[in-house]
Amino acid sequence: MSEAYQEEAPQEPRRPPPAFNVPGVILGLVAFMALVHAYDSWILGEIAASRFILDFAFIPGCYDTIDELCQLRSAGADLWSPLTYAFLHGSWTHLGLNTVWFLAFGTPVARRLGNLRFLAFCAVGSVAGAAVFFLVNTGLVVPVIGASGAVSALMGGACRFAFVRAGPRRMMGAGRPQPALTVGAALSDRTVLVFIIAFFATNFLVGAGVGGALTGGGEVAWEAHLGGFVFGFFALPLFDGFTGRRQ
């Protein structure tokens, strides 16, 4: 008794799923922040590390005072520090917490904006956070460090598209980015509204003195969080590559 069989065509082996389903631009930024903190913590001596923080941290008081500390900074520090402060952290715990939120909220925003617009969005978000901190703390000669301003901008930006359930009409456009919600539509969504209330409430509690242990004992720059978030929420469509009526 003969058996008939059909030889199956060889199939390409399935590639295993990536260990981290995170855009490369985010992993690159996280790795760079970790390298900066390792360089600051493990390689630089105490004096060099202090000078490193002095030159690259954001110090609001150095813009309108002649404090001796400000005079020790490099000539261009006031220009680049509203951006570079985001790459500095007070402890590995501080860096770890920012990394978790950066991965969570940066992933959907990076996928939507693409690498270049994502980097620009994070950069302006950091500057916006520094600007609000300056407005509230003009004259304060204390270094401000951490990526929280950029992370908060990502949170605000995600509120315009990532938290909303896809209804039938939005599902018709599956596979391509949908227009960002208008401000009114976003604020009308219960999930978005609860998240925004929780974000502001948490930061006001932090402003009242809770949470310093999470940054290695330092004060939390909650004003920079609020500045970054407000920027991200309102400015996301300006960086969005999708052109639609609802942007």
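Against the criterion of solvent-accessible heavy-atom surface with a 1.4 angstrom probe, I53, I26, I66, I197 sort, most first, into I66, I197, I53, I26. Starting from the Cα gyration tensor of the range 24-63, take the square roots of the eigenvalues, sort them a ≥ b ≥ c, and report rounded, prolate or oblate (rounded when a/c is under 1.5, otherwise prolate if a/b is larger than b/c, else oblate). Verdict is oblate for the range 24-63.
Summarising the amide proton neighbourhood of V144: residues at separation of 5 or more, or on other chains, whose placed amide H is nearer than 5 Å comprise F58, I59.
Note on V183: accessible area is roughly 50 Å² with a 1.4 Å probe, heavy atoms of protein only. Computed with every protein chain present, the accessible area of L72 is close to 100 Å² [probe 1.4 Å]. The modelled label-to-label distance for the pair Y39/L205, using points 7 Å beyond Cα in the direction of Cβ, is 3.7 nm. Over the range 66-204, the ratio between the Cα radius of gyration and 2.2 N^0.38 Å evaluates to 1.24. Counting only protein heavy atoms and using a 1.4 Å probe, the accessible area of F134 comes to about 60 Å². Among residues other than F134 with Cβ under 13 Å from its Cβ, the summed charge is -3 (Lys and Arg +1, Asp and Glu -1). Ranked by solvent-accessible area (1.4 Å probe, protein heavy atoms only, all chains present), the residues S41, S81, S91 order from largest to smallest as S41, S91, S81.
The values are calculated or read from the model by the stated rules, or taken from the named source; none is laboratory data. The structure displayed is predicted, hence computed values, not measured ones. When we count neighbours, we look across all protein chains shown, and the Cβ atoms used for this are built from the backbone with ideal geometry, even at glycine. Protein only, heavy atoms only, side chains kept; ligands, DNA and RNA dropped before computing areas. Shrake-Rupley method; radii C 1.70, N 1.55, O 1.52, S 1.80 Å.
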